[in-house]
Amino acid sequence: MLAALVAGIQVGSVCIAVIDPGVGTNREAVVMLADEIWYVGPDNGLLSVIAGRSSKVELWRIDWRPEMLSISFHGRDLFAPIGAWIEMGIFPHDKLSDMAQLQIKFDSDDLAEVIYIDHFGNIMTGVRSEHIPQGTLFQIGSCSISHAPVFSEGLPAQTFWYGNSLGLVEFALNGANAASFLGVRVGDRFDIHLPG
């Protein structure tokens with residue numbers, strides 16, 4: 001989902017990204033400059049989709065460790081201070097070393113998988129809607145899902161897909177819980193049938 005938010009991040013901004021189940025392990029901590037936006041976070045795949053979709057990427061390993069470094073809270077103790085120095089225009093050269101590439105890299109292509117289900121039961125996918133023609137059908141189990149531009153045009157008791165505010169394909173059901181209706185969970189995959 002972080003890669004879907006990039007369009008709303010202003011050039012020159014510093015984004016501290018902390019989804020870090022490996023905190024306290026030997027995973028690397030990194031600074032990344034991707035298309036003029038700074039990212040500070042763990043080298044665990046979180047930043048790799050952004051790196052893969054960016055035209056220019058520079059990387060640094062965070063070598064510095066503060067005196068008071070919680071084993072379980074690197075977001076506060078390690079990433080936030082580095083991000084603050086960068087935001088203030090003080091690049092901490094003495095605390096970083098160059099990196100050629102991220103250690104953990106995920107595929108930066110679209111992901112035909114359920115990545116999030118909100119509390120209404122709407123199903124967010126890892127597929128960017130800008131690449132999907134309106135005549136495309138999605139298949140989850142025995143259910144075929146066609147396009148509707150907005151909720152009010154979704155037919156009762158019929159799931160539909162639309163491009164959500166993050167630019168991702170989302171499956172929904174007008175006035176009902178699409179995830180319960182389809183019996184899907186995060187991680188479930190689906191098929192895409194392009195028109196023609």
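We did not get these values from a lab; they are worked out from the coordinates using the rules stated. None of the values given here were measured: they were computed from a predicted structure. Positions of Cβ are generated from backbone atoms using ideal geometry, with glycine treated the same way; all protein chains shown enter the neighbour counts.
Assorted remarks:
- Amide H contacts of residue 37 (H built 1.01 Å from N, in plane; Pro and chain starts excluded): 12 sit under 5 Å, all sequence-distant by 5 or more or on other chains.
- Counting only DSSP H runs of at least 4 residues, each contributing -39500 (n - 2.57), and dividing by the residue count of the chain, the helix-based mean residue ellipticity at 222 nm comes to -2500 deg cm²/dmol.
- 17 Å cut-off, amide nitrogen to a point 7 angstrom out along residue 177 Cα→Cβ, residues in the stretch 149-165: 157-159
- In sequence order, the stretch 169-178 has phi-based couplings of 5, 10, 9, 8, 9, 4, x, 8, 8, 5 Hz under the Karplus curve 6.51 cos²θ - 1.76 cosθ + 1.60, θ = phi - 60°, and Gly or Pro positions carry x.
- Residue-by-residue Karplus 3J(HN,Hα) for the stretch 27-38, coefficients 6.51, -1.76, 1.60, Hz, glycine and proline x: 5, 6, 10, 9, 10, 10, 10, 10, 6, 6, 10, 8
- Sorting 39, 116 by the number of Cβ atoms found within 10 Å of their own Cβ, with the fewest placed first, yields 116, 39.
- Counted by neighbouring Cβ atoms within 10 Å, the residues 25, 136 run from fewest to most as 25, 136.
- Amide proton proximity set for residue 147, modelled H, under 5 Å, gap of 5+: 161
- One decimal place: the segment residue 56-residue 155 gains 31.3 nm when fully extended, by the rule 0.36 nm per residue minus the C-alpha distance.
- Built from the Cα atoms of the stretch 111-193, the convex hull projects on average onto 4.7 nm², one quarter of its surface area.
- Measuring r between the beta carbons of residue 188 and residue 101 and using R0 = 41 Å, the FRET efficiency lands at 0.85.
- Applying the Karplus relation 6.51 cos²θ - 1.76 cosθ + 1.60 with θ = phi - 60° to the stretch 83-88 yields 3J(HN,Hα) values of x, 5, 4, 5, 4, 7 Hz, where x marks Gly and Pro.
- Extension reserve of the residue 116-residue 63 stretch, reckoned as 0.36 nm per residue once the Cα distance is removed: 15.7 nm
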